[in-house]
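The structure appears below as structure tokens.
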Amino acid sequence: MACRGFGESMTSEQELATAEAAAGIAAEAAAQAAEQELAAAQVGCGEVGVAVPTGGHPGGVPRQRHGGARSVGFRPGGGEAAAAFQERTGIKAPRIIAWEITRSCNLSCAHCRAAAEFGHYHGELTLDQIKAVIDDITTISNPIIILTGGEPLMRPDIWEIVDYCHEKGCMPVIGTNATLITDEIAGKMAAHNIPRISVSIDFPTAAEHDAFRGQPGCFAEAIEGIKTAKRHGVGVQVNTTVTTENAARIEEVHDLAESLGVDAFHIFMLVPTGRGSDLLDKELPPEEYERVLTWAYHRQKTSPLHFKPTDSPHYYRIIRQLAKAEGKKVTREEYGLDAMTRGCLGGITFSFISHVGDIQPCGYFDMQLGNVKEQPYSAIWEKSQVFNDLRDYSLLKGKCGACEYRAVCGGCRARALELTGDYLEAEPYCAYVPPGYENN
Ligand code: SF4
Ligand code: SF4
């Protein structure tokens, strides 16, 4: 597999500047280039992730938020190992790794990426194997590690994993369904310095949420878990998977999250892989997708929460289109991290490790690029041809390849893979047609 050299990596950065300048958004290109410096703790999408807040968003509403790695001064990918790795290879170090430390789960949610069930899964990484992988990861970076599942709290050694992440200079956060959070567990989260957890709530009422998740009572348990975590001073992010069934209810879920006093609200656009592939008919059509993301742009202006769409790379195109219509530029000062990051970060600064050690660009990207039992994570991150393809935006095909926003958006590669068999093909759920593309 080819190792991408420094010169080749710079090509995509230069392409970004060229493309954005061509689109009349050169200032944003500069902001994007500064992303390296920011070492943003933006969660890579593709996972029930836990983001890390930074200041500013459209409208500039000041927010007092709680938890998150940056709130404790942590800069993922900001350490010496990451700088040395980038200088040696020309490749950005991973800043966020979502790690499915178990696939075992006490729920059976309809749209679960992992299609997880209760019970032990053969081949799960042992504590020693996990520690060895963390040792290797920290030779190239100091990322945020999202401990997820399954339900990560099902793993009895989770606190040893958390402690080892801290010990090696990484920042662990937890993605959980919250139904197992008792006072004792929340106290452990606080004692083991978990800055934030994420919890999925998909509907504003118990009946709808329980039906969608396939587990009676899980809404009430999750709400109680959120309140318990907050009581112990643990930051909470509410995640909502948007489908045709709840698209009209997102405002109400936002308001519920706000009333619970959580710190962040992230909407996840359904990615139809894993058990979620059964929900293909519940994926929003491109026009509706566009409407929800346009709503999100405007709602961000008044929300007191750190509010962000995820798994929706074209949001970064929509931001720029709407800002332009308002006579604004998407600057770091006004738009915060939204101005500094990219839509799809799979393979760029984000990756996923499965319960058995398989590495993927994200949890939804259904292709194994190597296994940490056979090869170091660091070698796979550096040398995987798929990772390197994803880093070269000039390889994108179809309308994504022709799009002036490809450097800030890139389209969802997991959706392209699932629906076309080619991860470089056009994002199937984007309504945008680049100027002149129809004539090609
Ligand atoms: S491939 Fe799709 S789901 Fe995965 S990180 Fe990219 S946008 Fe998110
Ligand atoms: S065409 Fe592709 S790159 Fe352009 S905005 Fe749509 S998804 Fe993004």
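Brief remarks on what is shown
- Residues of region 262-315 that are part of a helix (DSSP H, G or I) and within 12 Å of ligand 1 (Cβ to nearest atom): GLY274, GLY276, TYR315.
- Qualifying residue in region 394-414 (condition: touching a Ser or Thr at 6+ places or on another chain (Cβ under 6 Å) and more than 15 Å from ligand 1 (Cβ to nearest atom)): no
- Flag if CYS430 is within 13 Å of ligand 1 (Cβ to nearest atom) and over 18 Å from the mean Cα position of the chain (by Cα): yes
- Residue match in region 420-433 (condition: surrounded by fewer than 23 Cβ atoms within 10 Å (Cβ to Cβ), more than 30 Å from ASP281 (Cα to Cα) and at pLDDT below 95): no
- The listed residue being modelled with pLDDT under 95 and surrounded by fewer than 23 Cβ atoms within 10 Å (Cβ to Cβ), out of GLU208, GLU184, GLU251, GLU258: GLU208
- So LEU345, is it crowded, with 16+ Cβ neighbours inside 10 Å, closer than 20 Å to CYS403 by Cβ and without any contact (Cβ under 8 Å) to a residue 40 or more places away in the chain: no
- Taken over region 308-331, residues that are more than 16 Å from ligand 2 (Cβ to nearest atom) and buried (at least 21 other Cβ atoms within 10 Å of the Cβ) amount to 1.
- The set of residues in region 382-393 that are away from ligand 1 (no atom under 15 Å from the Cβ) and of a type outside the set (D, E, K, R) comprises GLN385, ASN388.
- Yes/no for ASP358 being under 20 Å from the mean Cα position of the chain (by Cα), surrounded by 24 or more Cβ atoms within 10 Å (Cβ to Cβ) and within 30 Å of ILE130 (Cα to Cα): no
- Note on region 407-418: residues that are touching a residue at least 40 places away in the same chain (Cβ under 8 Å) and either surrounded by fewer than 21 Cβ atoms within 10 Å (Cβ to Cβ) or touching a Lys or Arg at 6+ places or on another chain (Cβ under 9 Å) (or both) amount to 6.
- Of all residues making up region 361-395, the number that are crowded, with 21+ Cβ neighbours inside 10 Å, without any contact (Cβ under 8 Å) to a residue 24 or more places away in the chain and of a type in the set (A, V, I, L, M, F, W, C): 2
- Residue count, region 316-337 (criterion: within 15 Å of ligand 1 (Cβ to nearest atom) and either charged (D, E, K, R) or without any contact (Cβ under 8 Å) to a residue 12 or more places away in the chain (or both)): 1
- Check on TYR437, among the hydroxyl-bearing types (Ser, Thr, Tyr), within 12 Å of ligand 1 (Cβ to nearest atom) and modelled with pLDDT under 95: no
The values are calculated or read from the model by the stated rules, or taken from the named source; none is laboratory data. Values in this document were obtained by computation on a predicted structure and should not be read as measured data. All Cβ positions, glycine included, derive from the backbone under ideal geometry; neighbour counts span all protein chains shown.
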